[in-house]
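Structure first, then comments.
Coordinate-derived values only; no laboratory data. Since this is a predicted model, take the numbers as computed values, not measurements. Every residue, glycine among them, receives a Cβ derived from its backbone with ideal geometry; neighbour counts consider all protein chains shown.
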Amino acid sequence: MANTDADWLDKAASYFEKHPTDGEDMAFWANVANAERCRTIAARLRAEEADTCSAGDEAVMELFVAAMAEADKAMRKFPQPNYVISKVAEEAGEVVKAAIHCAEGRDTPEHVAEEIRQAMAMLIRLYVEGDQVHGLPSIYSSIEAQP
């Protein structure tokens, strides 16, 4: 992938590092984790020898970062306890519905992409926060805590 993608991820990391958390620990650690992931991916991109990046790769990276930003926004607007697992299922169903309708000519690819972004945001939120209503701790924290 081209260095421009890595530069863009560095900017996304800076966004997460500078984004106010209003003193909320969960929001702070979510931002730290998101920034760390952006920087890790950027470093990997820079380590690759290939200098080319397909339009599809760039679109996926843009979708991923947009989903991360949407997850961050949702964590602030609808803090835990929240039905995150249920929302993952709901968003996945909306992706399937939009995709079927698109295949039938009754919906647009843009709407399918929007639903995919929303589903990814909920999956990111599940990874970062877990689901306090159902008693699921943060997946990220649980993995990091393992020896």
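Overview of values
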| read-out | value |
| --- | --- |
| In nm, spacing of pseudo-spin labels at Arg76 and Val96 (7 Å Cα→C-beta vector) | 3.3 nm |
| Stretch gain in nm, segment Ala47-Lys11, where the contour uses 0.36 nm per residue and the Cα spacing is subtracted | 11.2 nm |
| Amide H contacts under 5 Å for Asp131, placed H, 5+ residues apart | Leu136 |
| Karplus-derived HN-Hα couplings along region 91-102 (A = 6.51, B = -1.76, C = 1.60, θ = phi - 60°), whole Hz, x at Gly and Pro | 5, 4, x, 5, 5, 4, 4, 5, 5, 5, 4, 5 |
| Extension gain, Ser86 back to Met26 (0.36 nm per residue minus Cα-Cα distance, nm) | 19.6 nm |
| Magnitude of the charge dipole, region 3-145, Cβ model with Lys/Arg +1 and Asp/Glu -1, debye to 20 | 340 debye |
| Region 55-139, Cα convex hull volume normalised per residue, Å³ | 86 Å³ |
| Rg over Rh [alpha-carbon atoms, Kirkwood Rh] for region 3-145 | 1.00 |
| Normalised contact order of the chain, rounded percent, pairs of Cα under 8 Å and 6 or more residues apart | 24 percent |
| Extension gain from Glu114 to Thr4, taking 0.36 nm per residue of separation minus the Cα-Cα distance | 37.2 nm |
| Count, lysine Cα pairs under 16 Å in region 3-145, 8 or more residues apart or across chains | 4 |
